[in-house]
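Data first, discussion second: the structure below is written as C-alpha cells.
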Amino acid sequence: SAQERNALEARRVALAGAIGTTTEWYAFFIYGTAAAVVFAPQFFPQVSELAGTLAAFATFAIGFIARPLGRIAMGHFGDRLGRKSMLVWSLMLMGLATLGIGLLPNYAQLGVWAPVLLVTFRFVQGFALGGEWGGAVLMSVEHAPQGRRGFFGSFVALGLPAGIILSNLVFLITSSAVSAEAFAQWAWRIPFIASAVLVAVGLWVRVGLAESPVFERILKTQTGRSMPIVDVLRHDARAVALAAGSYIGIRTLGY
C-alpha cells in the first residue's frame, strides 16, 4: 500500500541520514586528530614546534567558521532546488576535500601552497558539514509519518558519536600497524584516503532516495520563495536568535 511504501521510504531516508552524517563527521574529526599529531611538521616546518602546532589547530578552527556559511548557503538552495540535491552535493564536497587532504603534498614538496591548500580543503569540509547536518534532519523529518518526526529525525544525531568513534578507531589501527616514523611520514594519509569508501557508500544510498514530499508539494503549488533566508530572518528572527543562543549555550557548557 501507499502507506507502507511511505513508511519504508522514511526508514531509508533516516538510515541514509545516519550514514551520511557519520561519513561527514568522520572526515571532519580525522582532521582534528591529524592536526594534533602530524600537521605541524608536515605543513608548518618553517616555524617552531609550538607555533606549528598552534597553526595546525588554527586551521582546524577554520572548519567551525565555515559551518554556518554552509548551513545558510545549502539551506537556501535546498529550499530552491531540492533537499536531496544539496545532500548529495554536501557529501561530494566533503569527500573531495578529505581526499584532497590525504593526497596533498607537504611543505617540503609544495612550499607555501601546501598550507594554503590545507586551509582551503578544511574550509570546504566545514562548509559541507554545515549543509549536511540541517539538510539531513530536514529530509528525515519531512519523510517521517505524522507523530514520529522526532524519532526519525533523531537518527541523524547518531552520526556524531559514530563519526567520532570511527575516526579514532581508524587512526588507532593505522598508527598501530606501522612504525611511528612511517605514520608521521605517510601513513597518516590512510584515514583521509579511506574516507572515499564511506563517501561512495553514502552517495550510493543517497542518490536512490526520493525527494522530500514537502518540497515536491512546494514545486507543484509553485509556492517557493526566491529568497527563503531573507523571509526567515524577516518573519522569524526571534526564533532564529533563540535557537542560535541555545545552541551556543549548550556547546559552551558541554565543551
Among 71, 83, the single one that is open to solvent by less than 60 Å² (accessible area, probe 1.4 Å), of a type in the set (Lys, Arg) and either within 20 Å of residue 104 (Cα to Cα) or in contact (Cβ under 8 Å) with a residue 24 or more places away in the chain (or both) is 83
Please name all residue pairs, on different chains or six or more residues apart, with Cβ atoms under 8 Å, provided the first residue is in the range 29-48 and is surrounded by fewer than 17 Cβ atoms within 10 Å (Cβ to Cβ) and the second residue is part of a helix (DSSP H, G or I) and not hydrophobic (A, V, I, L, M, F, W, C). 36/53; 45/52; 45/107; 46/107
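Residues checked against (1) outside any loop (DSSP other than H, G, I, E, B); (2) within 22 Å of residue 157 (Cα to Cα); (3) of a type in the set (A, V, I, L, M, F, W, C); (4) in contact with a Lys or Arg (Cβ under 8 Å, 6 or more places away or on another chain):
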position	(1), (2), (3), (4)
55	yes, no, yes, no
65	yes, yes, yes, no
68	yes, yes, no, no
84	yes, yes, no, yes
Determine if the range 187-209 includes at least one residue that is open to solvent by 50 Å² or more (accessible area, probe 1.4 Å), free of Cβ contacts under 8 Å to residues at least 40 places away in the same chain, more than 25 Å from residue 105 (Cα to Cα) and of a type in the set (A, V, I, L, M). no
Please enumerate the residues belonging to the range 128-151 that are assigned to a helix (DSSP H, G or I), farther than 20 Å from residue 243 by Cβ and open to solvent by less than 50 Å² (accessible area, probe 1.4 Å). 128, 143
Mind checking whether some residue in the range 14-26 is more than 15 Å from residue 167 (Cα to Cα) and in contact with a Ser or Thr (Cβ under 7 Å, 6 or more places away or on another chain)? yes
If I filter the range 86-118 down to residues being assigned to a loop (DSSP other than H, G, I, E, B) and in contact with a helix residue (DSSP H, G or I) (Cβ under 9 Å, 6 or more places away or on another chain), which single residue comes out as most open to solvent (accessible area, probe 1.4 Å)? 105
Within the range 154-179, of all residues that are open to solvent by less than 60 Å² (accessible area, probe 1.4 Å) and modelled with pLDDT under 90, the one farthest from residue 10 (Cα to Cα) is 160
Looking at the range 218-236, can you tell me whether even one residue there is of a type outside the set (A, V, I, L, M, F, W, C), open to solvent by less than 40 Å² (accessible area, probe 1.4 Å) and at pLDDT 80 or above? no
Among the numbered conditions (1) over 30 Å from residue 9 (Cα atoms); (2) open to solvent by 70 Å² or more (accessible area, probe 1.4 Å); (3) assigned to a helix (DSSP H, G or I), tell me where residue 59 comes up short. (2)
Could you grab the pairs with beta carbons closer than 7 Å, sequence gap of 6+ or different chains, first residue in the range 161-185 and outside any helix (DSSP H, G or I) and among the aromatic types (Phe, Trp, Tyr), second one modelled with pLDDT under 90 and open to solvent by 60 Å² or more (accessible area, probe 1.4 Å)? none
Those residues of the range 15-70 which are within 30 Å of residue 143 (Cβ to Cβ) and among the acidic types (Asp, Glu) amount to 24
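The values are calculated or read from the model by the stated rules, or taken from the named source; none is laboratory data. What you see is a predicted model, and the numbers here were worked out from it, not measured in a lab. FYI the Cβ positions are ideal-geometry reconstructions off the backbone, even for glycines, and counts take in every protein chain you see. Just the protein is used for accessible areas: all its heavy atoms, side chains included, with ligands, DNA and RNA removed. Shrake-Rupley method; radii C 1.70, N 1.55, O 1.52, S 1.80 Å.
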